[in-house]
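Note sheet for the following structure.
The values are calculated or read from the model by the stated rules, or taken from the named source; none is laboratory data. None of these values were measured; they are calculated from a predicted model. As a convention, Cβ positions derive from the backbone with ideal geometry for all residues, glycine included, and neighbour counts pool all protein chains shown. Calculation scope for accessible area: heavy atoms of the full protein, side chains included, ligands and nucleic acids excluded. Shrake-Rupley method; radii C 1.70, N 1.55, O 1.52, S 1.80 Å.
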Amino acid sequence: MVLAVLVLGVVQSVILLQFDWFGEAAATEAAPIDTMMDVTVVISSFIFAIVCVALGYALIKWRAKPGDESDGLPIHGNTKLEIIWTIIPVIIVLGLGGYSWAVLDDIEKTDENALHVNAYAQQFAWTFGYPEDGNKWSEGVLHVPVNRQVIFDLQAQDVIHSFWVPEWRIKKDAVPGLATDAVVTPDKEGTYQLVCAELCGIGHTTMRAYVIVESEEKYEAWLSKQTTEVPTSLLKTKDEYLEAEAKEQEESGGIEGSGVVEE
Amino acid sequence: MAAAIRQPGWYRGAIGLVLGAAFGFGLVIALRAISGLDLFQTEQTGYPHVVVPLITAPFGFLFGFGAFDYWFRWAAGKPTIPEDHSGHGAYSWKDYFKFNTDHKVIGTQYVVTTLFFFLIGGLLALLMRAELAQPGAQIVAASTFNGLFSTHAVVMIFLFIIPVFAGLANYVLPLMIGAPDMAFPRLNALSFWLLPIAGLIFIGSFLAPGGAFDAGWTGYAPLSTGAPLGQSFFNIGVQFAGASSIATALNFLVTIITMRAPGMNLWRMPLLVWANLSTSLLVVGATPFVAGAQFMVFFDRILGMNFFNFLEGGDVISYQHIFWFYSHPAVYIMMLPGFGIISEIISTHARKPVFGYRLMALALIGIVVLSYSVWAHHMFVAGMFSWLRVPIMITTLLIAVPTGIKVFSWLGTLFYGKIHTYSTAMLFALAFIITFTVGGISGVMLGMIPIDIHVSDTYFVVAHIHFVLFGGSVFTIFAGIYHWFPKMTGRMYDERLGRIHFWGTVIGTWLAFVPMHWIGMDGMPRRVADYATQYGDWNLLISVSAFALGAVQLVFLYNMIVSWRFGPKAGNNPWRANSIEWQVTSPPPVFNFDEIPRVVGGPYEYGTPGARHAIMGGEDEGAEVPETKPSTVTAPS
Ligand code: HEM
Ligand SMILES: [Cu+2]
Ligand SMILES: [Cu+2]
């Protein structure tokens, strides 16, 4: 039986490791996560093999002959076995937990000279602000330089959205009234898709944006050509938002009956 | 006619319904008129003249139908008949459509009603799969699609899986512990009748302007606080379904704690009873949280409160904390009763005591305790306090340990047994072990934060949900229905059709839900009506398998309906089981036992000559039966 478990476990692991589960990787954060998945797949293969082999073995060995009305052996348990299958899983999951913690720390380390980009999510579009370069604004297309850490400060205008580029492996919700961020270090040039991963209404399915990862020079060149600035309505914090709203109303002479601004 | 109107029943119920609706409507209009407001407020989150009647009309119906007659008479000091058993037993099919207080009738009502909602939920799923079979928009608009997956999930969770377990346990649990009925029969009947009301409210939301509620079964704020009228139907429907759950759970708790037959100490309770004890502890502790969360959303919508409005000091993410504080325990509410069913079936059909019985019971309690400490694993990417993530990850991973104990102990039960596989119930129980293991493994992966960051909110989660809920809960439900069908109906189902249903269901489940893992990991988000063309082939396979899976359920329905009417007589104990429900006739007499049985040993003493679980009334009274000690025998190797 042990042999069967080993054989099945190895065979499963070998087969399953042939696949590139998470698809193309394009950020330095991806490698540790992908390795972690492979490790988990191998451990899972053996656990699944134990269950399958035990079940199959029991069915072959102790299946009752038709008409056999006798009972099985009156075994009520086995304290040693029960302790083993409590303790070993505890060790396995604590190991996986420690490993996850280490990887989590690793992928969330921030760099001092990271580039900050604001990602604004609203039903049903993404726009991006570059606060380090005159708060320039890009609609629907995100440009980032390759091999430099980017910290995306996420801001939702209406409901919850979620920032996810599958090739980067990183996902984080953009929550109204809350500052959240996602840390990514793209390491492969190319064009990717930014997917909204949190249900946000009718247009959720199509709430995508292009992501262009390019060399530092190309990125600078692109940025210098941008002229529009982030509109005030997209401003960052709640206070800034309220302030901007009040200012807009003041400029337009106040909204009738709103009572916010006197004539 | 006049007499019919005075009697509790459908006529009076219909009148109550109309009066209740009129009262709610009138109240709203009158209050608005007094306050000098427009009589009708039809902003999408408003419609008080619709949502208030939605609350009052069901109560009107219940008053009319007779749900409160006894209590009111009693509260008013009028004469009541404490031993009035007119609401007990079913003598014709009509008795199933009454406010019946017999736990066996109620159990049957539950199972049949929930299977009906299973069909509806399934049809909604197939509509989605039809849309998703190919990339691009085909059948339904994006807005309708969001309504479809929301109602599908809500119907399946609140109207099928949670209540069908309550129904099965309603039928067999009092029999198993040697009780004549549940502790509170009238509360039991009320719990049942709240359920179709919740169902009609959920389904009725399709008629609301703006369509059915479409913020997902999770109904996250602020999407839900600003959604069209249908969302209010969800908020209200959850209250009725939740009240039904809580009342049933209280009933189970009191029944299990106080009504066990003499001699049935805790360590002689069948594991199904342990499982329902644990589930009920989860229900009474956790369900108030989902009710509260939905009330808060409802008040935000209707009364302009600002619980979740960040511009007015509300906190968006607190909705998720409250919601998952119920909804993680809820996933175990949907699984623990199934664990109990599997233990009963495997032990009976392997002719062996459950391996490590006490650890099995303790594992259930361990899951209950841990369940309350893992809710935030649904929020690893939600932007909550980052320090909370690692502690929650550890508790989440630890919950796999008691779950693993259960799986290993079932396997241990099979070893050195005499395994009979002639019963479809046993087939489903065995298949459950394998499929549920896959769901448990994907659960552990999701619990590991770095992996979850990538696969959260993708089809991988959809695959996990369906492996644990379809491959897990639904398999145990099928197993349970097949197992107790002969007891409930007195007739045997057709094992040949059962096998067709079994193989179709197992293969369909794997083909439909395995590929979802792959496309999810590769980048397909969940809750979308359309997807990148590269996922087209897998989705086609998923859709075809889903339709096959749906079609094979018709075999099950046919088998159940025809066998109920025409099946061969089953006899009292077709599976040669030890527990008490099998020692009475099939179906059992109205009050279950002429004389309460006396419990003298564990429930699973297969293989010990002369060992007994219970001595039924009327049997050789005086004869002393040797006490069987739960012994720990080492397996001969
Ligand atoms: C080994 C035990 C389990 C573990 C460690 C586990 C872990 C998880 C985790 C971490 C998630 C969140 C995924 C995400 O949204 O990113 C999840 C989702 C879910 N799990 Fe489990 N799970 C386990 C067993 C179960 C069981 C037994 C059930 C139900 C019978 C269940 C039902 C669900 C459902 C319904 C969701 C999705 C909720 C939603 O977002 O709509 N899980 N699970
Ligand atoms: Cu979205
Ligand atoms: Cu959970």
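Across segment B:104-566, how many lysine pairs, 8 or more positions apart or on different chains, have C-alpha atoms separated by under 21 Å? Please give the number.
Lysine pairs satisfying the spacing and distance rule in segment B:104-566 number 4.
Show the residues, 5+ positions off or on another chain, whose built amide H is closer than 5 Å to the amide H of B:R491.
Sorted by chain and number, the residues that satisfy this are B:A570.
If you count the DSSP beta bridges with both ends in segment A:115-252, what percent of them are antiparallel, to the nearest 5?
Details: 28 of 40 bridges.
Counting DSSP beta bridges with both partners in segment A:115-252, the antiparallel share is about 70 percent.
If you restrict to DSSP beta bridges whose two residues both lie in the protein assembly as shown, what percentage is antiparallel, to the nearest 5?
The antiparallel fraction comes to roughly 70 percent.
Subtracting the Cα-Cα distance from 0.36 nm times the residue separation, let me have the gained length for A:K225 to A:V42 in nm, one decimal.
60.9 nm
Which ³J(HN,Hα) values, rounded to whole Hz and listed in residue order, are derived for segment B:65-71 from phi using the Karplus coefficients 6.51, -1.76 and 1.60 in 6.51 cos²θ - 1.76 cosθ + 1.60 with θ = phi - 60°, glycine and proline given as x?
Whole-Hz 3J(HN,Hα) from phi for segment B:65-71: 6, x, 5, 10, 3, 4, 4.
Say R0 is 45 Å: what FRET efficiency, to the nearest 0.05, do B:A76 and B:L207 get from their beta-carbon distance?
It comes out at approximately 0.75.
Restricting to chain A, compute how many DSSP beta bridges are antiparallel as a %, nearest 5.
Of the beta bridges lying entirely in chain A, close to 70 percent run antiparallel.
Under the Karplus relation 6.51 cos²θ - 1.76 cosθ + 1.60, θ = phi - 60°, what is the ordered set of whole-Hz ³J(HN,Hα) values for segment A:139-152, x standing for Gly and Pro?
Each residue's phi maps through the Karplus curve to give 9, x, 10, 10, 9, 9, x, 7, 6, 9, 5, 10, 10, 8 Hz.
Within 10 Å of each candidate Cβ there may be at most 12 other Cβ atoms; applying that plus a DSSP loop requirement, which chymotrypsin sites (Phe, Trp or Tyr not before Pro) in segment B:11-96 survive?
B:Y91
Name the shape class, rounded, prolate or oblate, that the alpha-carbon gyration tensor gives for segment B:36-157, where a ≥ b ≥ c are the square roots of its eigenvalues, rounded holds for a/c under 1.5, and otherwise prolate holds if a/b is larger than b/c and oblate otherwise. Each step should come with its number before you reach the end.
Working: a/c = 4.81, a/b = 1.51, b/c = 3.20.
Verdict is oblate for segment B:36-157.
At 0.890 mPa s and 25 °C, plugging the Kirkwood radius over alpha-carbon pairs of segment B:2-75 into Stokes-Einstein gives what diffusion coefficient in µm²/s?
Roughly 184 µm²/s, to the nearest whole number.
Using amide H atoms built in the peptide plane, which far-off residues or other-chain residues are under 5 Å from A:T180 H to H?
A:L154, A:V175
Once label points are set 7 Å from the Cα along Cα→Cβ at both B:W564 and B:L303, what is their separation, rounded to one decimal in nm?
4.3 nm
Amide H to amide H, which residues 5 or more places from B:Q41 or on other chains are under 5 Å from it, using H placed in the peptide plane?
Result for B:Q41 returns B:Y47, B:H49.
If the cut-off is a Cα-Cα distance under 22 Å, which lysines reach A:K136, setting aside same-chain residues fewer than 8 apart in sequence?
Once the sequence-local lysines are set aside, what remains near A:K136 is A:K218, A:K225, A:K236, A:K238, A:K247.
Just check segment B:455-520 against the gyration tensor rule for me: Cα atoms, a ≥ b ≥ c as the square roots of the eigenvalues, rounded for a/c under 1.5, and otherwise prolate or oblate depending on whether a/b exceeds b/c.
In terms of gyration-tensor shape, oblate.
Do the sum for chain B: with -39,500 (n - 2.57) for every DSSP H run of n ≥ 4, divided by all residues, what is the mean residue ellipticity at 222 nm, to the nearest 500 deg cm²/dmol? Mind dumping the intermediate values first?
On the way: 21 runs with 382 residues, N = 637.
The helix-only estimate for chain B comes to -20500 deg cm²/dmol at 222 nm.
For Cα pairs less than 8 Å apart in space and 6+ apart in sequence, what is the mean separation divided by the residue count of chain B, i.e. the relative contact order in percent?
Rounded, it is 13 percent for chain B.
What are the ³J(HN,Hα) values, in whole Hz, obtained from phi via the Karplus relation 6.51 cos²θ - 1.76 cosθ + 1.60 with θ = phi - 60°, for each residue of segment B:24-37 in sequence order, with x given for Gly and Pro?
Working through the residues one at a time gives x, 5, x, 4, 4, 4, 5, 5, 5, 5, 4, 7, x, 9 Hz.
Can you tell me the FRET efficiency between A:Q193 and A:L6 if r is taken as the Cβ-Cβ distance and R0 is 45 Å, rounded to the nearest 0.05? Mind showing how you got there, number by number?
Numbers: r = 42 Å, r/R0 = 0.93.
The formula returns an efficiency of 0.60 here.
With +1 on the Cβ of every Lys and Arg and -1 on the Cβ of every Asp and Glu, and nothing else charged, how large is the dipole of the protein assembly as shown about its Cα centre, in debye rounded to the nearest 20? Walk me through the intermediate numbers first.
Values: 48 positive and 70 negative charges, 933 e Å.
Roughly 4480 debye, rounded to the nearest 20.
Can you tell me the relative contact order of segment A:115-252? Whole percent, Cα pairs under 8 Å, sequence separation 6 or more.
26 percent
Which percent of the accessible heavy-atom area of segment A:115-252 goes to carbon and sulfur, probe 1.4 angstrom?
That fraction is 48 percent.
Under the rule a/c < 1.5 gives rounded, and otherwise a/b versus b/c splits prolate from oblate, where does chain B land using the Cα gyration tensor?
oblate
Which of the lysines could be linked to A:K109 by a straight reach, that is with a Cα gap under 21 Å, when you skip same-chain ones fewer than 8 residues away?
Answer for A:K109, where 21 Å is the Cα cut-off: A:K171, A:K172, A:K188, listed by chain and number.
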